[in-house]
Amino acid sequence: MFKILVAEDDANTRKLMCAVLKQHGFEAYGAENGAEALAFMESRHVDLVVADIMMPVMDGYELTRQLRQTWENLPILMVTA
C-alpha cells in the first residue's frame, strides 16, 4: 500500500488530509511539524511526503533540505495557504 506522511501543523487540516487519503486507499500518517516528520521517517518507510511550508519547530523548507540528505529521490508535495 502507498504510504503518505502529512506534515501539517494545523490539526484539523492534517486530520482532514489523512482522512481523504485513507478514503482513496492510501495509508496516511500525520506529523505536527518537520522535526516530528523526520523522526517518523527514521523508523518507517514512506512513499510520499506532503508538507506544509509554514510550520513551527521546523518549516517545510528545512524539512525538505534534511529529507534530501538521506532520501534524495523521495517525492515531496509542498502545500501552502
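Looking only at the range 46-60, decide whether some residue is surrounded by 15 or more Cβ atoms within 10 Å (Cβ to Cβ) and assigned to a helix (DSSP H, G or I). Yes, the range 46-60 contains a residue that is surrounded by 15 or more Cβ atoms within 10 Å (Cβ to Cβ) and assigned to a helix (DSSP H, G or I). Applying the selection to the range 11-45, what residues are in a helix (DSSP H, G or I) and among the aliphatic types (A, V, I, L, M)? Selection gives ALA11, LEU16, MET17, ALA19, VAL20, LEU21, ALA35, ALA37, LEU38, ALA39, MET41. All of GLU36, GLU8, GLU32 fail the test of being within 12 Å of the chain's Cα centre (by Cα) and either under 14 Å from THR80 (Cα atoms) or open to solvent by less than 20 Å² (accessible area, probe 1.4 Å) (or both), apart from GLU8.
Does VAL6 satisfy the criteria of being touching a Cys at 6+ places or on another chain (Cβ under 9 Å) and β-branched (Val, Ile, Thr)? Against the criterion (touching a Cys at 6+ places or on another chain (Cβ under 9 Å) and β-branched (Val, Ile, Thr)), VAL6 qualifies. With respect to (1) outside any helix (DSSP H, G or I); (2) in contact (Cβ under 8 Å) with a residue 12 or more places away in the chain, the lone exception for ASN73 is condition (2). Pairing each residue of the range 45-65 that is within 14 Å of GLY30 (Cβ to Cβ) with any residue that is among the polar types (S, T, N, Q) and modelled with pLDDT of 95 or more, provided the two are 6+ apart or on different chains, yields C-beta distances under 8 Å for ALA51/THR64; ASP52/THR13; MET55/ASN33.
The values are calculated or read from the model by the stated rules, or taken from the named source; none is laboratory data. What you are looking at is a predicted structure, and each value in this text was computed from that prediction instead of being measured. Note that each Cβ is placed from the backbone with ideal geometry, even for glycine, and that neighbours are counted across all protein chains shown. Note: areas computed on protein heavy atoms with side chains; ligands, DNA, RNA excluded. Shrake-Rupley method; radii C 1.70, N 1.55, O 1.52, S 1.80 Å.
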